[in-house]
Every structure is written in structure tokens, then in C-alpha cells.
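The values are calculated or read from the model by the stated rules, or taken from the named source; none is laboratory data. From a predicted model like this one, the values you see are computed outputs, not experimental measurements. For neighbour counting, all protein chains shown are included, and Cβ atoms are generated from backbone atoms with ideal geometry for every residue, glycine included.
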Amino acid sequence: MPALAGVDLDLVPGECLLVLGPSGSGKTTLALALAGLLDVRAGGRPSGEVAVGGPVGVVFQRPGDQVVMERVEDDVAFGLERVGRPREAMRREVSSALAGVGLAGFERRRSMTLSGGEQQRLALAGAIAPAPPILVLDEPTANLDPSGARTFIDRLASLRANRTTIVLVEHRVELAWKLADRVLVLGPDGRPVALGTPDAVVSSVGPALVAAGIWLPPEIDARLGVVAPSPLPAEEATGSAVVTAEGASYAYGDAPPAVDDVSVVVRAGERVALVGPNGGGKSTLGRLLVGLLRPSTGRVRLGGDRPDRLSAAALARRAGYLFQDPEQQFLAGTVLDEVLLGLRPDERARADPLMDALGLPLDRFAARSPYALSGGEQRRLSLACVLIRRPGLLILDEPTYGQDRTTYRGLLDALHAHLGTGTAVIVATHDERLMADLGGRCLRMEGGAVEAVA
């Protein structure tokens, strides 16, 4: 089955096209085609024609894929150099682009020490700085905190007013809906379901969009009579401590501490949402708690042991960690081998029902490469790989990235099943919907410090 088929459209200068569809419907393939970046060497068979009226600025689904220079300022300057900007103008434009995405003062920072959200901001600055006539953006707000996402959508609105053509793939439709002149809806088979103004699309196929799992703004949900699913049932966590941090700190090189004197206790069966602005230290704290990093001061204990001293096999059965970029944890060549990697025979029986629950049934996905999946599918595969071992601690970094309504609910149900076994779950997230549905405690991180949220 083609990843994308039968798409016919023309865009005019200054038009914004919002691309919607369920997970795996070909949205990223369309974005790559419009940017001229489809890789036919991987066995793809393109057909049809794409013509663009000038340079295309692009932001990938995984922003780290397009960070090419060691320093932040050099990464933004790279695109300006390619279009021949004079050096003095380039300095001003680099600083302006960084300030416009909330990275003022980051010029000399090392690119790879940035958080996932900060890398996404850097990718946005690099795409916008040369002022291309066309922007193709694949989930550009996925890793941004709520304030940063709103600011970026406002920035896109100003670019559109200056006749920049924008193709926007976005699950946070409550932000992007008013920006869109037209909406293209792709079905699960990669074929167009609807193309028209936002109001026309809702009028013609609104209920079908909901049935297909496509997110719509809350006011449109209300108009269509959509009933929001119930949040996870409340459960009181009274078990013993699963993981503790006492005065833990960690810094990358000579940068200020990413985690600064943090003390926290998480008990069996507890749910904790870890929130806060980009660069606040959420991912770093998660890695400390599962032993992927060793605190420079203070201590971390996982069930009484130092997690950084446990063997990989022992650690995998006691704690599971979901990376912000799922490709960082894939090791096998097929989905089936990835899920079953290192499992005991009795654990392998869990694979079929778990993969069904997460929308990745093995009768369809077993032989596929993890690297050929959509971003949302990769996220769910990486989650399956940690859930199947039933560890006592789960730390999930932005688990709902790239999920449609249906797969989001499947993810929540899978988490609830594991909470019922006494697993503690810590979720680092900017997804306000997930915060509400997860329940439990909410901890806010900013500047490396943690505080409880009432």
C-alpha cells in the first residue's frame, strides 16, 4: 500500500495549508515530497510531480536530524550562508531569528547540549532566518512548551501576512486552526479525504474526521457533539518508594546545572506529570532517575540501589525509559525483533495483545523496519518495548507526540493497565490534555529546580 496517493493541490503565495490525518496516514511523506527530500534510495517509488516556486525552508519531525553545526549561532548561519547573506547582515539576522523563537543569548551554546524543545526552537530559527518563500513544517510545536507553541504560531501568522506560503502538519490543531486558509485531510490509506476551507471540511466530513481519530479544536468537537473520554480512574499510591533523589544535581560541561539540588520520592502505583518550560531539566532528571546519567552531587536510588551501577539487563527489568526521540533506542531490524529483544519465553506472550492495544498489530507490522514507521508509530513501538517488561518504574518523555485521538486513548489504556500492577509512572510532557487525563501529582521544573504544582 502506498504511503501517499492521489494528492492534487495548488498553493498560492501567502496561503497556509494545514495537513491533518490519523497516525501513519502519510503526512510526513507529503511534507518531505514538497521539500524535495524523499529518499528513493530506500526503495520508495515516487510518481506524479511536485513543482515549487522558490527555496523551501523545512522543519523535520525530529529536529535533531537537521542540527548540523556545533554552535547554535553557526547552525542558524548555515542556511544564511547558503543564500549568500553578507557577514554583517548575517550576525543581525542570526540574533533576530534566535530571539524570535525564544533562544536569545544562546548564540555560543553547543547545539547538542540543548533540550529537545530547545533543539526544535533552533530548527525553527534556522528554517525561518533565510526568509524562504515556502515553509514546510512537520509537527513544529510538538516539543514546545505551551507558551512557546503559541508564540511560534503567532510568528507564522506574521510570516503568512508577508506572503510566505506555509504547509503545516500539526496535531495541536487548537493552535493552528485559525491560521489555516485550507485543510487537507489524509485518510489511513494515504489518500485525500477532504480539501477545502476549515469550515467547509468540517461541514462536509466532520463526523468522519472524529471517527478516524483526527483531532479537532475543542469548539468544533462541541459543535459535533463529541464526548471527551474519561480520564484515568483515580488511584491512591500508598506503596513503598520506587525511586528517590536526594539533592541530585547534574550539569553538561561548563553550562549551568540542568538539574539543581532536586529531591523527590515516587511510590509504587503513583502517577507524576513533570511539566515546565523547554530547557527546565525534565529530560535530564528522567535520565538521572533511571541511571542513564550519574548525578554530580547528591544521590539517586532505584529500590535502594544506585541505578547507574546496575547491569543493562537488570536495569531494563526494573525501570523503563522512553526517549524523546524513539530512534535512539531501536536496536533491531524489524518491529517483531525490536519488541521481543531480550525477553524471556513467558514475556513473549504479552507481545500480541500489547501491540494490538497500541495500534501496531503484529500481523501487519511484524516485518516492517522500526525506521520506516511514522513518527507516531515509532513512539508507540518504543513504548511497547518498555511496557512489555512490566518494570516497577516508567519514565516517559513526551509520550503523546504524533498521536491521533485513537492512538492517544490506546496509550492511556496501556498505561492504566500497568499502573494496576503497581508500576510508578513519571511523564515529562507539554501535553495539557495528558496532564488532565493522567491525574496524580504534578511537578514543575524550571531552571533545574522542582516545585509541586497545586
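If we scan the range 15-22, do we find a residue that is outside any strand (DSSP E or B), touching a Gly at 6+ places or on another chain (Cβ under 6 Å) and either modelled with pLDDT under 85 or surrounded by 12 or more Cβ atoms within 10 Å (Cβ to Cβ) (or both)?
We begin by selecting, within the range 15-22, every residue outside any strand (DSSP E or B); these are 15, 21-22.
Filter once more, keeping what is touching a Gly at 6+ places or on another chain (Cβ under 6 Å): 22.
The next check asks that each one be either modelled with pLDDT under 85 or surrounded by 12 or more Cβ atoms within 10 Å (Cβ to Cβ) (or both); those that pass are 22.
So far as the range 15-22 goes, yes, one or more of its residues are outside any strand (DSSP E or B), touching a Gly at 6+ places or on another chain (Cβ under 6 Å) and either modelled with pLDDT under 85 or surrounded by 12 or more Cβ atoms within 10 Å (Cβ to Cβ) (or both).
Determine whether the range 204-224 contains at least one residue that is closer than 26 Å to Ala424 by Cβ, among the β-branched types (Val, Ile, Thr), surrounded by 13 or more Cβ atoms within 10 Å (Cβ to Cβ) and touching a strand residue (DSSP E or B) at 6+ places or on another chain (Cβ under 8 Å).
Step one: list which residues in the range 204-224 are closer than 26 Å to Ala424 by Cβ, which gives none.
No: zero hits.
Mind counting the residues in the range 39-86 that are buried (at least 17 other Cβ atoms within 10 Å of the Cβ) and outside any helix (DSSP H, G or I)?
9
From the list Arg390, Arg368, pick out the single residue that is in a loop (DSSP other than H, G, I, E, B), in the same structural domain as Arg267 (by TED's automatic domain parsing) and under 25 Å from Met1 (Cα atoms). I'd like the intermediate steps shown before the answer.
Working: Arg390 fails: under 25 Å from Met1 (Cα atoms).
Only one candidate qualifies: Arg368.
For the range 1-44, name all the residues that are charged (D, E, K, R), free of Cβ contacts under 8 Å to residues at least 24 places away in the same chain and assigned by TED's automatic domain parsing to the domain that holds Arg82.
Of everything in the range 1-44, those that are charged (D, E, K, R), free of Cβ contacts under 8 Å to residues at least 24 places away in the same chain and assigned by TED's automatic domain parsing to the domain that holds Arg82 turn out to be Asp39, Arg41.
Filter the range 320-357 down to residues that are in contact (Cβ under 8 Å) with a residue 60 or more places away in the chain and under 26 Å from Leu293 (Cβ atoms) and give me whichever is farthest from the chain's Cα centre (by Cα).
Residue satisfying both the conditions and the ranking: Gly320.
For every residue, the table says whether it meets (1) in a helix (DSSP H, G or I); (2) in the same structural domain as Gly291 (by TED's automatic domain parsing); (3) closer than 21 Å to Tyr408 by Cβ.
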position	(1), (2), (3)
Arg317	yes, yes, no
Gln324	no, yes, yes
Val339	yes, yes, yes
Asp346	yes, yes, no
Met355	yes, yes, yes
Asp363	yes, yes, no
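Quick check, is Val264 β-branched (Val, Ile, Thr), in contact with a Ser or Thr (Cβ under 6 Å, 6 or more places away or on another chain) and surrounded by 16 or more Cβ atoms within 10 Å (Cβ to Cβ)? Break it down into steps so the answer makes sense when it comes.
Working: β-branched (Val, Ile, Thr): yes; in contact with a Ser or Thr (Cβ under 6 Å, 6 or more places away or on another chain): no; surrounded by 16 or more Cβ atoms within 10 Å (Cβ to Cβ): yes.
It is false that Val264 is β-branched (Val, Ile, Thr), in contact with a Ser or Thr (Cβ under 6 Å, 6 or more places away or on another chain) and surrounded by 16 or more Cβ atoms within 10 Å (Cβ to Cβ).
Scan the range 121-154 for residues that are surrounded by 24 or more Cβ atoms within 10 Å (Cβ to Cβ), touching a residue at least 40 places away in the same chain (Cβ under 8 Å), in a loop (DSSP other than H, G, I, E, B) and not acidic (Asp, Glu) and jot them down.
Scanning the range 121-154 gives Ala129, Pro140, Ala142, Asn143, Leu144.
Go through the residues of the range 306-319 one by one and say whether even a single one is touching a residue at least 24 places away in the same chain (Cβ under 8 Å) and either within 24 Å of the chain's Cα centre (by Cα) or closer than 25 Å to Ala142 by Cα (or both).
Scanning the range 306-319, I find at least one residue that is touching a residue at least 24 places away in the same chain (Cβ under 8 Å) and either within 24 Å of the chain's Cα centre (by Cα) or closer than 25 Å to Ala142 by Cα (or both), so the answer is yes.
Run down Glu446, Glu377, Glu398, Glu432 and say which single residue is under 25 Å from Ser115 (Cα atoms), modelled with pLDDT under 90 and of a type in the set (Asp, Glu).
On the way: Glu446 fails: modelled with pLDDT under 90; Glu377 fails: modelled with pLDDT under 90; Glu398 fails: modelled with pLDDT under 90.
Result of the check over Glu446, Glu377, Glu398, Glu432: Glu432.
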